[in-house]
1. Report, in debye and to the nearest 20, how large the dipole of the range 103-216 comes out about its Cα centre when Lys and Arg carry +1 and Asp and Glu carry -1 on their Cβ.
2. Please name whichever of 99, 134, 185 sits farthest to the positive end of the charge dipole of the chain, dipole taken about the Cα centre and charges placed at Cβ: Lys and Arg +1, Asp and Glu -1.
3. Pop the C-beta distance of residue 110 and residue 41 into the FRET formula with R0 = 35 Å and round what comes out to the nearest 0.05.
4. Taking 0.36 nm per intervening residue step and subtracting the Cα-Cα distance, what contour gain separates residue 19 from residue 133 on full extension?
5. Size of the dipole of the range 52-139 about the Cα centre, Lys and Arg at +1 and Asp and Glu at -1 on the beta carbon, nothing else charged, in debye to 20?
6. Just to be sure I understand the rule: take each whole DSSP H helix in the chain, project its Cα atoms onto its long axis, keep it if the span is 27 Å or more and its mean Kyte-Doolittle hydropathy is at least 0.5. Which ones pass?
7. Rounded to the nearest 0.05, what FRET efficiency do residue 238 and residue 34 give with R0 = 22 Å and r taken as the Cβ-Cβ distance? Could you check?
8. Looking at the range 99-144, what % of the alpha carbon pairs are farther apart than 12 Å?
Amino acid sequence: YCNLESESKHHPGSLRDVFTPRPSYRVTPILMLMNIAIFAVMVVSGVDFMRPTGEDLVQWGANYTALTRAGEPWRLLTACFLHIGVIHLAVNMMSLRYLGVQIEPLLGSRRFLIAYLATGLTGSLASLWWHDVAISAGASGAIFGIEGVLLALVLTNLFTDEVRMSLLKSTLSVVGINLLIGFSIGADNAAHIGGLLGGLVCGGAFYPGIRSQLGWPVPLWMKAKWIAIGLPLGMVVLVALLVFQVR
């Protein structure tokens, strides 16, 4: 059985450790550095570090409904690396670090990166579908996606009953509290829910590979490496087709 709790004992201590890639913790610090670097460049260019204007966010690649639908779908991805002020950035990076240091060792760096990108996109697509006109940005869709991956895996037999119940309670509590906070402050919960649902699909796609790595019996077709990439990619393409056809 996987013991996710044992991974939490290896939390990076110093600031240098937080941002230093190493085995089983490669993608998380790189993603954090990318988000921080993009925000720093925005601020240096003249964007307000507390309250960027909508115009600034759109200029830097936010998911702006009108432009995304009008031929700029790349905004679905770039929006996942933009933040609406330093507080927004700090909260998301602390969440990403906390999840990454525990979950990246379980998934492996490649699956973790796939999950971040795929669920970030499903979050952006959900926001695009839900809002008639909106400017959306932030890594929170992908962060909810990582929570969704964990939730999907917790519902399998990868964990002992005791660990499963503990993780299930904590994960559902974190998701629920963050959604309530999102409603109270007017955050883009459509992106959060879209990321979460995308994470559930990714978790299902990753499960066979994790079982195989543990040496557990797995049907031959489940050992195909394309499943961990093909299913998340297919999910994103299918959701994109549906969303762009709806409106």
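1. Values: 5 positive and 6 negative charges, 58 e Å.
Computed about the Cα centre, the dipole is about 280 debye.
2. Checking the options against the dipole of the chain, the answer is 99.
3. Details: r = 27 Å, r/R0 = 0.78.
Once rounded, the FRET efficiency stands at 0.80.
4. Details: separation 114, 0.36 × 114 = 41.04 nm, distance 3.62 nm.
Result for the pair: 37.4 nm of gain on full extension.
5. Values: 5 positive and 5 negative charges, 69 e Å.
In debye, rounded to 20, the range 52-139 gives about 340.
6. Working: long enough: 86-107 (30 Å, 1.09); 109-130 (31 Å, 0.68); 161-185 (36 Å, 1.05); 189-213 (35 Å, 0.56); 226-246 (29 Å, 2.40).
The answer, listed by residue number, is 86-107, 109-130, 161-185, 189-213, 226-246.
7. Working: r = 27 Å, r/R0 = 1.23.
Here the calculated transfer efficiency is 0.25.
8. Values: 642 of 1035 pairs.
Looking at the range 99-144, the distances longer than 12 Å represent 62 percent of pairs.
Quick note: the coordinates plus some simple rules give every number you see, no bench work behind them. These numbers come from a predicted model, not from an experiment. Methodologically, a virtual Cβ is constructed for each residue, glycine included, from the backbone with ideal geometry; neighbour enumeration extends over all protein chains shown.
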